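The values are calculated or read from the model by the stated rules, or taken from the named source; none is laboratory data. Keep in mind it's a predicted model, so treat the numbers as computed, not measured. For neighbour counting, all protein chains shown are included, and Cβ atoms are generated from backbone atoms with ideal geometry for every residue, glycine included. Ligands, DNA and RNA are stripped out before the accessible areas are found, and what is left, the full protein with its side chains, is counted by its heavy atoms. Shrake-Rupley method; radii C 1.70, N 1.55, O 1.52, S 1.80 Å.
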Amino acid sequence: MFEQLSPLPADPILGLINAYNQDANPNKVDLGVGVYKDEMGHTAVLQCVKAAEKLRNEDETSKVYIGPTGEAAFNQKINELIFGQHQVLDQDRVRTISTPGGTGSLRVAAEFIKSCNSEATIWVSNPTWANHQGLFTAAGVEVKAYPYYDYETKSLDFDGMLNALSYTKPGDTVLLHACCHNPSGMDLTQEQWQAVTELAKDRGFTPLIDMAYQGFGQGLDEDAYGPRLMAQELDELLLCSSCSKNFGLYRERIGGFTLIAKDSNTANVSLSVALSVVRSIYSMPPAHGAALVSTILSSEELTAQWHQELAVMRERIAFNRKSLVEKLKENGVERDFSFITRQSGMFSFLGITQEQVATLINDYSIYMVDSSRISIAGINPSNVDYLAKSIASVIK
Ligand code: LMR
């Protein structure tokens, strides 16, 4: 049976991990996968996570099955993190389950959408995270793209976006990035969120918000503006969250799948469908990451520590954006890269060609996705000069 198979290329993002690790060049720079790195290029375990892990080691009494909804305390804390003091939490129409990371949540969302509508179409931004297309197609959901990033002006093509979404039909789903748009770094303004919300009401589509970077953009509350607005204004909303980045829990695989229905009864019916999806894919989520997050968010002290550590990560990324743009200028680059400082979160496109990306990888050991998406957190004081000089020589 296996002889029928043909080899597939490595994943365009994850494949970079191996390539980078195998490169012996001491000057190599990793701007590939979206993981936070500190000034030393290290992805450390957060101190608040270390503290929560100690508590968990002492308190954990059983490894018995946790059930498909995951940990109730985690689900509640995630709701509060996403929606704050929002009245939607008092309306008994929000249901959240723990999932294996943000990707697990998106896969549940995809199967859930397919269960709602066997002819389902999801509209995704052009560009979007490279894995979105595969995730939805695998569940049999048709994927259509709406314009989003204007590669010429390095800004948002909001008119193009609204125009394309005016062709959506009731029952369609529209994928939006809550903040820190992956891969472009271009986020919707508050006014633009309002306009998309109005369009959702007019056209009857259901938004699915991918919220993988809460706290990495402008702040925990600021980054939740879109979800909170839509939760207030719309009868239905889907949201996939992740604790990979903001809690640094990448390999623990913990995220949440949240649905908001028009009333409590519909929320219960919808939850039962989501749980049956979970049962048929992975049965139930891992428990460790959820326990760490709920421990942190249940303790004032650990929450304060987490806020501080998150602010350090967010501010360092914003600093790196400025620092790269300055260094490019210092190295005689005349092309305007200032758009990088107007974008937000982990990623931006350099806006160079695939050949230039290949040269940076092959000749300079500077790793990035071939679209020229760079993970800004991989920049640090000891590599930014080399990075800017290398870009300067490749684009001259
Ligand atoms: C990324 O976009 O680099 C991250 O979200 C990691 C991944 O799984 O692709």
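What the table below lists for this structure:
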{"item": "Residue among G102, G67 that alone is within 26 Å of I317 (Cα to Cα), open to solvent by less than 50 Å² (accessible area, probe 1.4 Å) and either at pLDDT 95 or above or not in a strand (DSSP E or B) (or both)", "result": "G102"}
{"item": "Every pair of residues 6+ apart whose Cβ atoms lie under 8 Å, when the first sits in region 5-20 and is free of Cβ contacts under 8 Å to residues at least 24 places away in the same chain and in a loop (DSSP other than H, G, I, E, B) while the second is near the ligand (Cβ under 10 Å from one of its atoms) and open to solvent by less than 80 Å² (accessible area, probe 1.4 Å)", "result": "L14/V33"}
{"item": "Test: V45 is open to solvent by less than 60 Å² (accessible area, probe 1.4 Å), over 30 Å from L271 (Cβ atoms) and in a loop (DSSP other than H, G, I, E, B)", "result": "no"}
{"item": "Filter result for R95 (part of a strand (DSSP E or B), open to solvent by 20 Å² or more (accessible area, probe 1.4 Å) and not β-branched (V, I, T))", "result": "yes"}
{"item": "Filter result (assigned to a strand (DSSP E or B) and more than 16 Å from the ligand (Cβ to nearest atom)) within region 105-125", "result": "T121, I122, W123"}
{"item": "Flag if T258 is in contact (Cβ under 8 Å) with a residue 24 or more places away in the chain, under 17 Å from the mean Cα position of the chain (by Cα) and under 21 Å from K201 (Cα atoms)", "result": "yes"}
{"item": "Residues that are within 23 Å of N246 (Cβ to Cβ), surrounded by 13 or more Cβ atoms within 10 Å (Cβ to Cβ) and within 16 Å of the ligand (Cβ to nearest atom), drawn from region 12-40", "result": "I13, L16, I17, D30, L31, G32, V33, G34, V35, Y36, K37"}
{"item": "Residues of region 70-91 that turn out to be open to solvent by 60 Å² or more (accessible area, probe 1.4 Å) and modelled with pLDDT of 95 or more, as a count", "result": "3"}
{"item": "Cβ-Cβ under 7 Å pairs, at least 6 apart or on other chains, region 359-372 side on the phi > 0 side of the Ramachandran plot, far side not hydrophobic (A, V, I, L, M, F, W, C)", "result": "S365/D23; S365/N25; S365/N27; S365/K28; S372/G351"}
{"item": "Criterion: farther than 25 Å from L220 by Cβ and part of a loop (DSSP other than H, G, I, E, B) - qualifying residue of T137, T128, T153", "result": "T153"}
{"item": "Residues located in region 224-242, provided they are polar (S, T, N, Q) and within 14 Å of the chain's Cα centre (by Cα)", "result": "S241, S242"}
{"item": "Qualifying residue in region 316-324 (condition: within 16 Å of the ligand (Cβ to nearest atom) and either out of contact with any helix residue (DSSP H, G or I) (no Cβ under 8 Å at 6 or more places or on another chain) or free of Cβ contacts under 8 Å to residues at least 12 places away in the same chain (or both))", "result": "no"}
{"item": "Close pairs (7 angstrom Cβ cut-off, 6 or more residues apart or separate chains): over 20 Å from I82 (Cβ atoms) in region 178-207, within 16 Å of the ligand (Cβ to nearest atom) and open to solvent by 40 Å² or more (accessible area, probe 1.4 Å) anywhere", "result": "P183/W129; P183/S371"}
{"item": "Residue match in region 253-274 (condition: touching a Gly at 6+ places or on another chain (Cβ under 7 Å) and farther than 29 Å from L199 by Cβ)", "result": "yes"}
{"item": "Every residue from region 128-146 that is open to solvent by less than 60 Å² (accessible area, probe 1.4 Å), within 16 Å of the ligand (Cβ to nearest atom) and in contact with a strand residue (DSSP E or B) (Cβ under 6 Å, 6 or more places away or on another chain)", "result": "H132, F136"}
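Residues are listed down the side, and each one gets a yes or a no for (1) surrounded by fewer than 24 Cβ atoms within 10 Å (Cβ to Cβ); (2) over 23 Å from Y36 (Cβ atoms); (3) within 19 Å of the chain's Cα centre (by Cα):
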position: S184; (1), (2), (3): no, no, yes
position: Q192; (1), (2), (3): yes, yes, no
position: A195; (1), (2), (3): yes, yes, no
position: K201; (1), (2), (3): yes, yes, no
position: G204; (1), (2), (3): yes, yes, no
position: Y213; (1), (2), (3): no, no, yes
position: Q218; (1), (2), (3): yes, no, yes
position: E222; (1), (2), (3): yes, no, yes
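So that you can scan it fast, the table gives a plain yes or no per residue for (1) hydrophobic (A, V, I, L, M, F, W, C); (2) touching a His at 6+ places or on another chain (Cβ under 6 Å); (3) not assigned by TED's automatic domain parsing to the domain that holds R95:
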| site | (1), (2), (3) |
| --- | --- |
| E198 | no, no, no |
| T206 | no, no, no |
| I209 | yes, no, no |
| R251 | no, no, no |
| S270 | no, no, no |
| L275 | yes, no, no |
| P286 | no, no, no |
| G289 | no, no, no |
| A304 | yes, no, yes |
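A quick yes/no check of all residues on (1) polar (S, T, N, Q); (2) open to solvent by 50 Å² or more (accessible area, probe 1.4 Å):
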residue: P286; (1), (2): no, yes
residue: A291; (1), (2): no, no
residue: E300; (1), (2): no, yes
residue: W306; (1), (2): no, no
residue: I317; (1), (2): no, no
residue: S323; (1), (2): yes, no
